[in-house]
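Coordinate-derived values only; no laboratory data. The shown structure was predicted, so the numbers you read here are calculated from the model rather than taken from an experiment. Here the Cβ is made from the backbone with ideal geometry for all residues, glycine too, and neighbour counts use every protein chain on show.
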Amino acid sequence: MRIALNGVTVRFGLVTAVDGVSLGIEPGEIHALVGENGAGKSTLMNMLFGLVKPADGTIVIDGVERRWASPQDAIRAGLGMVHQHFMLQDSMSVLENIVLCAEPVGRFGFVDFARARARLDAIAESHGVSVDLDGQLGRLSVGERQAVEILKVLYREADLLILDEPTAVLTPQEKDRLFDTLRSFRAAGKAIVLITHKLDEVMEIADRVSVMRAGRLVASAPLAETSKEEIARGIVGGVLPAPRARRAQKPGEVVLSVDALTVARRGRDVGPVSFDLRAGEIVGIAGVSGNGQAELVRALTGLERPRSGAVSLRGERIEGRSVGERRSLGLSYIPEDRQRMGLALGASVSDNASAGRDDRRSFAAGPFLKLSAMARFARTLIENYRIRVAGPRARAATMSGGNKQKLVVGRELSRATPLVIAENPTWGVDIGAIDFIHGELMRMRDAGHAILLISTELDEVIALSDRILVMYDGVVSGEVAGGEASRERVGALMTSRAAAPSGPEGMGEVA
Amino acid sequence: ADKFFVYVSPDPIGVNAFLKMGQTGIEAAGEKYGADIETYESRTAADRLENVNAAVNEGADIVVMLGFEFNDIVRQIAPTAPDTQFLIVDQCIDERPENVHCAVFREYEASYLMGVAAGMLTETNKVGVVGALDIPFLHRYTDGYAQGVKSVKPDASVDIRWVGGENPFADPVRAKEQAVAMHAAGADLIFTANSGGDFGVFEAAKEKNFKVFSVDVNQCPNAPGHVVDVTLKQVDQAMLQAIGSILEGEKNVTMALGLKEGGMSAMALEADRIADSGCLIADHPDVAAKLREVAGSIKDGSLKLEDPMFAK
Amino acid sequence: MAAHGTMRAVLPWVITLLWIAAIILALLLFVGAPLGEALSGFWQGAFGGRRHAYLMATLSRTALITGMAISVMLSFRAGLFNIGGEGQLVAGGLAAALTAILLPGPPLLVLVAAILAAMLAGALWALLAGVLQLYMGVPLLVGSLLLNYPVRYLASYAVAHPFRDVPSGMVQSHLVPQETWLAYFPGTRLDIGILFTLAATAFALVYSYWTVHGYHTRLNGLSADFARTVGLPVRRLTLQTLAISGAIAGLVGAIAVFGIHHRYIDGMLVQPLYAWTGIIAVLLVGMVPWAVPLSGFFFAAVQTGAAGMERAAGVPKEIALVIQAVIILFVASRVSGALSSKEGRGDGHA
Amino acid sequence: MLDLLLDPSFAASIPRFVTPILLAALGGALCERAGVFNIALEGFLLTGAFAAVLGAYYSGTPYLGAAAAMAAGMAMGLVFAEFNLRRDGDAIVVSIAINLLAAGLTTFLLRAIFNVTGAFSDPAIVGFGAIRLPLIEDIPVLGPMLSGQSILFYAALASVPVLHVFLARHRLGLRIRAAGENAEALRAGGVSPRRVQLLALVGCGALCGLGGAQLSIANVNLFVENMSAGRGWIAVVAVLLTRGRPWPLFCIALLFGAVDSLSFRVQGMGLAQQFTDMMPYLATLTVLIVLSWWRARRARGDVS
Ligand SMILES: Nc1ncnc2c1ncn2[C@@H]1O[C@H](COP(=O)(O)OP(=O)(O)OP(=O)(O)O)[C@@H](O)[C@H]1O
Ligand SMILES: Nc1ncnc2c1ncn2[C@@H]1O[C@H](COP(=O)(O)OP(=O)(O)OP(=O)(O)O)[C@@H](O)[C@H]1O
Ligand SMILES: [Mg+2]
Ligand SMILES: [Mg+2]
């Protein structure tokens, strides 16, 4: 089918997420949609799929203008979407997941699973996508889940496939398998929209590429007529940030030492993991999410008791200590999930800023709070970290994600502890904020603090780290010195033992 | 009207025959002495206090209270409201101010008669009694009954159980369960003295087909063919009399009403009503005769019963 | 523009109030009550009476309801859904009565000892629920609720058998020594118990707004994950908060004993639903501490007012419960969203 | 003790206690699985009990009584939905309010309609009779338990497998489970989770209504204030314990019901009434503690 979006605008309250975008999507074509976080890619596609209502603009399909009351209409019209975050039911079987919301019903509205099975076998035939229909979804790897999502779309006989950052969590092998499938769709004359942050993929598979920035469509052209650099420039708007200059300095004494640490998790335990972290160095931990990073971090920060092994902070054994004790011993932690762990969204900026400080005297007199002192402290953070917010008394929830993140980073870094653990510190944050946060981490390193950077963004790890540990399936599968780190080498390590699909995924995140 | 009487019930009146009698009593009094009447129903201890307070506030001349729940309250309030008269029915308090009056009953005398009947009629030699709550006052019923049974069948066993629970005086569900259980345990005649709960026992009697005794008013029609006899408590009469003497300016009116004074009775003793009472006792002239005889000896004092409320 | 803004803020509330009013009106019409008398009766019953006797009754209810509300509020703000206030209240009341009856000594000392005993009892009972949650994994919501029943029956047993005032004929303890009774305000039947409630309220306000402990528990209440992440001693905070909250409930029990009934009467603290009214009083104002006493007074007035309405217009006073429930449904669903998230239950809110 | 357990009238009494809890719990299960945290079962039960008496009294047949109970329960479900789903009220707050509403409305209407307080009983209230199953009633212990019960008991028994199959294989069942686990996914699939949850609530109301009917026009033929007396809360616990899975739910309900009825029997053995009153709640707590503790131990192996 042939789709045209004309001057589409989507608003969320005061935020204009998508701003007058016009775009054409052709059958038999893979259309890549790129842009930085918050650019509006998902929103645009959600709107096309009927999940959000446009404030303005129209959808024209095969020359007919269409309006959706709900995604159901879009689905009936032959649209299918694989969302940025999987839309699946862990406790259900694969089959149930696929038929959900499109159930073939027999008598009394009971689901006719046999019929569904037959159809799916046929589909598996034609596109070579197949998953054990009776397996429980919760047990599947991310790659397999993706396959299920795609089966869902096929099952509904979609002619337009929208995939929102499908490769973000895939191993290269899984990615290749996915791309083969996409090619077969293209051959079958289906239209495909592929949202991604990875330009290599765009170059590899796309026929046409559109770039969004700040809700606007800044470019849309056949791949042939553009180049990687041009696209990149389009994304960030003008010049690319120069690769960060790192001052060479030899690391100081060991700050954090991890020895044969193992952590429990469903399926296979994480570890044993051993490594040292010295003052004045950034050690990056790379890896596809769900390979044990989350568990490792929880064990280091004290949010979870390890099964075995030793952790010492500046010579002190801490594996048995509480979070509070560890923090006062000199540990700061920038959690991945700012919404739940980084901040108390319901509390004021000031309350958030002073939380977890151990210099009690400076914000409390005996049992009583020094509210003014707390507000003053919040104000300094707001200034030093250029946080855009009404003021110390504003509720944390009113900040945008990037500013929320800046507040968390500011609170933790301002403690100036010998050890900083930063977990995906720039996740879901706009490019300006990313640049700023990276700068802060670097400054800390240069100032002689030890920083453990856990990130699923390969480029981030490579850009910042003095040494890179790669985690795969719960263990450190290799170490690379920052100097000679390349996407290829690290990528290879991220997928070693690639034969086995990497254990149960996403566990860390549900924690 | 120039007079104003208030009746404060200790609990929701509902199907509670005893409290209903208070209602009829106050209405009768209103008629007879040409007074406006109001009824304040209580649900909780706090309600009772507030209701009596309210009665005084609303300028009641006489506040009639049913049941022992009001002792503290009257002690507290009566001294502060000298121009209000307080009548406690069913209870009395010692060293009371002169604007406090009582009318009490000797329920155990009538209950004793029920026991006698039960003792005579039981075939299994097992009888039972369901009381609302294990409190001394209700022992007037349960113990009186038990003594009655023993007096004719010393070897008979009397199974005493209590309803308890959230609202013991109005929980037919639990009352029924107790009756069923007792019947299952062999009791063939069950005395029910738990006001609101009586209906539950009647239900059980109908289902399991055993016979029961009940209290306060003629409840025989509530379970035709299952109620042997009932004790009769002339609350309304007592109220009328007491209010009468209060209005005559008598201080510290005190009435203790038993079989002798006609404040307590039993259907068996009501020659004129027994026939169309619907009570089974009508078909047992021998038993009825025996009861009249026992009642006689209680009235003339030849048979002394001590008040179980103050036993133990 | 600004006017327009305020308009937008106010309008939903106006509509809400209209809804509530409409429902109450419908109920009154349903029982065919003369509206005029009903309303004046309500007003009289809540605030009127000779020498404001009814206002005093309202205030004495307020003392207990607000007390319970304060107790509950401290838990709720810490994200602890402790609905076991009833049990803690009963434990306190019983402890107070028994201490005062059994303990010899000068009245004032006895009174103080009894009040402390009540607070201790309430605290322990609340802690029990906390322990069940922290060490046995029993959700506080359910655990605290179920614990209401055993203590209720234990108290009932205590005053029905070992400590019963037998001659009184009721299921109740003996009277506490007359010298320990709380005095009445001169010329009224209102006891000074309400002063204790005021003290508790003052404490709660200071605690919630200006103490470190209150600050930490508040953070824990807003996000337990966050509190854990920044290293707050979540378990200790939980137990301490429950203890404080239970102690206040116990205090309320003592007020009821020494101020109103002067003994422990079976059911005297349960049947009037003090604890539940306290809970909804907190929910009504979305756990905002300074507003809690006001909403406590409001609900007390609704209850006594309903009684007045019954006297004046024959409207069953049970209407009070209905009114309260309706108000909570409409209002609380606008203000308090922060509860189920603690349980991690309920459908996803915005 | 043993003879007591073998006492046929004891066996026969168990279903009377199990039925209301079971029906309410099954309703709660629907909500639980649909992701609606409904702890207002107590209120739903009470409403049902009252409506049943109302219906039976005016229609003269228990069946219309039961119908009225279901209708009233559903209405409560709608109220819950209105405030929890549409107005986004906190589920716990709404539950508490609805429990109060039920307590208030029933006592209020009791006086407004029948002009009585506390309890209403009248010969015109026709209850469900016992249904005797010829052959089964002769089986020793099970006989009296399975035979001679109200039709509602058999309905409750039947609903267990029905609900099980419904959740497993019915379209709505599937969607209910989805709404409970990942509502966003349902939305993305073009099905409104709210609507699914609304249906679950209505179903819950209907089942609780029947449970209430068992209390008021099957166990007895009258209404008593606060008749549900905590059974709804016990049902809530049963739901939480079993996470709304029908068969385990059935077992728990059976256990709670048995203890409930046992508590009456042991009074005959000289145990103080207050302690027998305590038994059901202590039993519930104990089961809760044991299971939760066991779960916690088992879960300690996991992340989170
Ligand atoms: N439900 C929402 N309510 C309010 N604002 C929203 C909502 N969803 C998205 N936004 C805002 O709209 C903008 C576009 O978001 P969108 O998710 O489309 O970005 P994106 O390009 O998909 O980013 P990413 O690459 O991180 O997925 C962002 O500023 C985001 O905060
Ligand atoms: N659920 C929501 N409801 C209302 N507004 C929202 C919501 N989510 C995001 N916003 C608003 O959208 C804007 C961007 O939010 P979001 O958290 O997506 O920003 P971001 O793109 O992640 O971070 P940043 O834009 O700072 O890089 C902010 O103004 C935020 O207040
Ligand atoms: Mg974003
Ligand atoms: Mg996106």
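Key figures for this structure:
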| read-out | value |
| --- | --- |
| Where labels lie 7 Å past Cα in the beta-carbon direction, separation of B:Glu306 and C:Val131 in nm | 4.6 nm |
| ³J(HN,Hα) computed for each position of region C:154-165 - Karplus, 6.51 cos²θ - 1.76 cosθ + 1.60, integer Hz, glycine/proline x | 4, 4, 4, 5, 4, 8, 8, 10, x, 10, 7, 7 |
| Label-reachable residues, region A:45-78, where backbone N falls under 16 Å from a point 7 Å from A:Asn6's Cα toward its Cβ | A:54-68 |
| Positive minus negative residues near A:Glu103 (Lys, Arg vs Asp, Glu; Cβ under 11 Å) | +2 |
| Shape category assigned to region A:72-117 from the gyration tensor of Cα positions, a/c cut at 1.5 | oblate |
| Distant alpha-carbon pairs in region B:22-135 (separation over 25 angstrom), percent | 36 percent |
| Amide H partners (placed H, <5 Å) of A:Val218, local residues excluded | A:Val211, A:Met212, A:Arg213 |
| Helix-only CD estimate at 222 nm, as mean residue ellipticity for chain B, using -39500 (n - 2.57) per DSSP H run (n ≥ 4) | -12500 deg cm²/dmol |
| Sum of side-chain charges, B:Phe105 neighbourhood, beta-carbon under 13 Å (Lys, Arg +1; Asp, Glu -1) | -3 |
| Coarse-grained scattering of region A:3-236 at q = 0.14, 0.16 Å⁻¹, given as base-10 log I(q)/I(0) from a Debye sum over alpha-carbon atoms | -0.90, -1.16 |
| Relative contact order [Cα under 8 Å, 6+ residues apart], region D:2-299, whole percent | 36 percent |
| Nonlocal amide H pairs with A:Leu194, under 5 Å, H built at 1.01 Å | A:His31, A:Ala32, A:Leu33, A:Leu163 |
| Proximal lysines to A:Lys404, defined as alpha-carbon separation beneath 30 angstrom and excluding residues fewer than eight positions away on the same chain | A:Lys41, A:Lys53, A:Lys198, A:Lys370, C:Lys342 |
| Rounded to 5, the percent of DSSP beta bridges in the protein assembly as shown classed as antiparallel | 45 percent |
| Mean projected area (nm²) of the alpha-carbon convex hull when chain A is viewed from all directions | 25.8 nm² |
| Sites A:Asp435 and D:Trp247 - FRET efficiency at Förster radius 41 Å, r taken between beta-carbons, to 0.05 | 0.10 |
| Per-residue [θ]222 nm for chain A (sum of -39500 (n - 2.57) over DSSP H runs n ≥ 4, rounded to 500) | -9500 deg cm²/dmol |
| Overall form of region D:120-247 per C-alpha gyration tensor (a/c, 1.5; a/b vs b/c) | prolate |
| Interchain or long-range residues, amide H under 5 Å from B:Gly14's placed H | D:Thr117, D:Ala119 |
| Per-residue HN-Hα couplings for region D:56-62 [Karplus 6.51, -1.76, 1.60; θ = phi - 60°; Hz; x = Gly/Pro] | 5, 5, 7, 8, x, 10, x |
| Using θ = phi - 60° and Karplus 6.51 cos²θ - 1.76 cosθ + 1.60, couplings along region B:149-156 (whole Hz; Gly, Pro as x) | 4, 4, 4, 9, 10, x, 8, 6 |
| Proxy reagent accessibility, fewest Cβ within 10 Å first, across A:Met399, C:Met7, B:Met182 | C:Met7, A:Met399, B:Met182 |
| Global geometry of chain C, whether rounded, prolate or oblate, following the gyration tensor of its Cα atoms and the 1.5 cut on a/c | oblate |
| Hits among lysines - C-alpha to C-alpha of B:Lys211 under 29 Å, sequence gap 8 or more where chains match | B:Lys20, B:Lys126, B:Lys150, B:Lys153, B:Lys176, B:Lys233, B:Lys260, B:Lys290, B:Lys299, B:Lys304 |
| Angle in degrees between helix B:17-33 and the longest Cα principal axis of chain B, rounded to the nearest 10 | 40 degrees |
| Charge sum, other residues only, whose C-beta stays under 12 Å from A:Ser274's C-beta, Lys/Arg counted +1 and Asp/Glu -1 | -3 |
| Between helix B:198-208 and chain B: long-axis angle, C-alpha atoms, 0 to 90°, nearest 10 | 20 degrees |
| Mean separation of Cα contacts under 8 Å (6+ apart) over length of chain A, as relative contact order % | 16 percent |
| FRET E, pair A:Gln72, A:Asp180, Förster distance 30 Å, beta-carbon r, rounded to 0.05 | 0.50 |
